[in-house]
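S.K.: Got a structure for you, written out below as C-alpha cells; questions coming shortly.
The values are calculated or read from the model by the stated rules, or taken from the named source; none is laboratory data. Source: prediction; values computed, not measured. Note: ideal-geometry Cβ built from the backbone for every residue, glycine included; neighbour counts use all protein chains shown. With ligands, DNA and RNA removed, areas are computed over all heavy atoms of the protein, side chains included. Shrake-Rupley method; radii C 1.70, N 1.55, O 1.52, S 1.80 Å.
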Amino acid sequence: MGSQLRIIYMGTPDFAVAGLRTLVENGYNVVAVVTMPDKPAGRGHQIQYSPVKEYALEKGIDVLQPEKLKDPEFVAQLASYHADLQIVVAFRMLPEVVWTMPRLGTFNLHASLLPQYRGAAPIQWAVMNGDTETGVTTFMLKHEIDTGNMILQEKISIGEDENVGSVHDRLMELGNDVILRTVALIEDCDRKGIELPTTPQPEIADLRPAPKIFKETCEIDFTKTGKQIHDFVRGLCPYPAAWANLTINGTPYANVKIFHVSILKCRVESLECRDSGKIIVPCADGYVSIDELQLPGKKRMDAKALLNGLRAH
C-alpha cells in the first residue's frame, strides 16, 4: 500500500502490537513508537520490555519511553519527528501538548462500542456484565478521556460461554482492519483537502464504565445469580482470573482462582464434593458448579482431577 504520512504509534500490550504490525506490513511509515518504561518482572526482577517495544526494536523503529508525558525533553523529542498523525492503542491518557502536536491530530482505537465502556478495561467489563455484543471504535482525542468524535465503529457478537481471552483476540483482529481503514480515510481526506467525517458520541442515560481491574475487583460474590457469576468468571478468564475463598471437602482454601463455572439447573441434595466429582456452591437463584480452578501454588486443573488428587492425599 505505502504512504507518505509520518506516523507515531503509542501503545504497550500485545493488543497494541497487532495494530503496529499491521501498519508496518502495509507499508505505512511509522517513524517512532511511544511505550511504557521498562520494568522488572518475575521472581528474578529482570527488566522486561513492553510487547510494543520488542516489536519496534525488531523492525528498527525508534522507541521513546517517557516517565512523564509532559516532560519538556520528551515533548521536544516527539516534536522532532514532525509526525503528521499519532495513533494510540491501549496506552496512557495524553496531555493536550502531545495529542494536538501532529497536523492531522491523534486518534485512538478503543475496544468497545463507545460511548459504552470508557476506561481501562472495556473488554473485561463487557463480558463480565453479560453483554451479547461489543466492538471497536476509532475516535479523535480530546480533553475528556474516551469522549472524542467517532471515526469508525465495528461490532462483533459475544458467545454466551465465550471468555474474555477469546473476545480479546477477535477484537484485536477487528481492530487491525479498523486502524488501517481509519488511516486510509484520514489520508484520503488530507489529500483531497476536506474535513475528516466524524460523529459525536451519542448521549446515553445508562452508561456503563470500564475502570481498571484490581485484585479486589475479581472476588466472586456468591450472593449474585448463577448467570451473573458465570459471566463474571468468563469476563476474567484467563487473566487476571476471578477468585474466591472456598471450603473443599471440609478444608478451607484462600484465594482460589476460578476459570469456569456451570449453572446447575437441577436441585442439589448435598454440597459435599467428594463423591459427586463436583465443587458446588450455592448462589442467589440456585447453585453453580466450579469446573476449572487453581489452588494457590498449584496448577490450573478441572474440578474432578483436583478432587481425585485431594482424595489421594
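S.K.: Taking His143 as meeting all but one of (1) more than 19 Å from the chain's Cα centre (by Cα); (2) at pLDDT 95 or above, write down the number of the exception.
M.R.: Unmet for His143, out of (1) more than 19 Å from the chain's Cα centre (by Cα); (2) at pLDDT 95 or above: (2).
S.K.: Within segment 180-238, work out how many residues are within 26 Å of Asn255 (Cβ to Cβ) and open to solvent by less than 30 Å² (accessible area, probe 1.4 Å).
M.R.: Qualifying residue count for the region: 12.
S.K.: Follow-up. Please state which one of Gly235, Gly286 is at pLDDT 95 or above and touching a helix residue (DSSP H, G or I) at 6+ places or on another chain (Cβ under 8 Å).
M.R.: Values: Gly286 fails: at pLDDT 95 or above.
After applying the criteria, what remains is Gly235.
S.K.: Looking at Asp188, Asp177, Asp161, Asp131 in this structure, which one is assigned to a helix (DSSP H, G or I), farther than 22 Å from Pro102 by Cα and not small (Gly, Ala, Ser)? Spell out the reasoning first.
M.R.: On the way: Asp188 fails: farther than 22 Å from Pro102 by Cα; Asp161 fails: assigned to a helix (DSSP H, G or I); Asp131 fails: assigned to a helix (DSSP H, G or I).
Going through Asp188, Asp177, Asp161, Asp131 in turn, the sole match is Asp177.
S.K.: Does Cys273 count as over 28 Å from Asp169 (Cβ atoms), modelled with pLDDT under 90 and either in a strand (DSSP E or B) or open to solvent by less than 20 Å² (accessible area, probe 1.4 Å) (or both)?
M.R.: Working: over 28 Å from Asp169 (Cβ atoms): yes; modelled with pLDDT under 90: yes; either in a strand (DSSP E or B) or open to solvent by less than 20 Å² (accessible area, probe 1.4 Å) (or both): yes.
So Cys273 fits the description; yes.
S.K.: Of (1) more than 25 Å from His168 (Cα to Cα); (2) open to solvent by less than 50 Å² (accessible area, probe 1.4 Å), Gln46 satisfies all except one. Which?
M.R.: (2)
S.K.: Sort out which residues of segment 52-75 are under 20 Å from Pro95 (Cβ atoms) and either loosely packed, with under 13 Cβ neighbours inside 10 Å or among the acidic types (Asp, Glu) (or both), and write them in order of number.
M.R.: Matches in segment 52-75: Glu67, Lys68, Lys70, Asp71, Pro72, Glu73.
S.K.: Would you check which residues across segment 21-43 are part of a helix (DSSP H, G or I) and open to solvent by 20 Å² or more (accessible area, probe 1.4 Å) and list them? If you could, list the steps in order and put the result at the bottom.
M.R.: As a first pass, look at segment 21-43 and keep what is part of a helix (DSSP H, G or I): 21-25.
Arg21, Thr22, Val24, Glu25, listed by residue number.
S.K.: Do we find a residue being at pLDDT 95 or above, among the β-branched types (Val, Ile, Thr) and within 30 Å of Leu152 (Cβ to Cβ) anywhere in segment 197-207?
M.R.: Yes, some residue in segment 197-207 is at pLDDT 95 or above, among the β-branched types (Val, Ile, Thr) and within 30 Å of Leu152 (Cβ to Cβ).
S.K.: Next question. State all residues of segment 76-96 that are hydrophobic (A, V, I, L, M, F, W, C), under 24 Å from Gly148 (Cα atoms), part of a helix (DSSP H, G or I) and open to solvent by 40 Å² or more (accessible area, probe 1.4 Å); if no residue qualifies, say none. Let's see the steps before the verdict.
M.R.: Initially, segment 76-96 is screened for residues hydrophobic (A, V, I, L, M, F, W, C), giving 76, 78-79, 83, 85, 87-91, 93-94.
Right, trim to under 24 Å from Gly148 (Cα atoms) and you get 78-79, 83, 85, 87-91, 93-94.
From what is left, the residues that are part of a helix (DSSP H, G or I) are 78-79.
Passing the criteria: only Ala79.
S.K.: So how many residues does segment 126-157 have that are open to solvent by less than 10 Å² (accessible area, probe 1.4 Å) and without any contact (Cβ under 8 Å) to a residue 60 or more places away in the chain? Steps first, please.
M.R.: Narrowing segment 126-157 to residues open to solvent by less than 10 Å² (accessible area, probe 1.4 Å): 126-127, 134-139, 148.
So of that shortlist, the ones also without any contact (Cβ under 8 Å) to a residue 60 or more places away in the chain come out as 134-138, 148.
Residues in segment 126-157 being open to solvent by less than 10 Å² (accessible area, probe 1.4 Å) and without any contact (Cβ under 8 Å) to a residue 60 or more places away in the chain: 6 in total.
S.K.: Consider segment 103-124. How many of its residues are under 17 Å from Asp169 (Cβ atoms) and either open to solvent by 20 Å² or more (accessible area, probe 1.4 Å) or at pLDDT below 95 (or both)?
M.R.: 1
S.K.: Sort out which residues of segment 158-179 are open to solvent by 60 Å² or more (accessible area, probe 1.4 Å) and closer than 22 Å to Met10 by Cα, and write them in order of number. First the steps, then the outcome.
M.R.: Residues of segment 158-179 that are open to solvent by 60 Å² or more (accessible area, probe 1.4 Å), as a first pass: 160-161, 169-170, 173, 177.
Matches in segment 158-179: Asp169, Arg170, Glu173, Asp177.
S.K.: Follow-up. I'd like to verify a number: residues in segment 241-254 that are assigned to a strand (DSSP E or B) and farther than 25 Å from Ser166 by Cβ, how many? Walk me through how you get there before you give the answer.
M.R.: Residues of segment 241-254 that are assigned to a strand (DSSP E or B), as a first pass: 242-248, 251-254.
When the remaining residues are screened for being farther than 25 Å from Ser166 by Cβ, the result is 245-248, 251-254.
Summing the residues that are assigned to a strand (DSSP E or B) and farther than 25 Å from Ser166 by Cβ in segment 241-254 gives 8.
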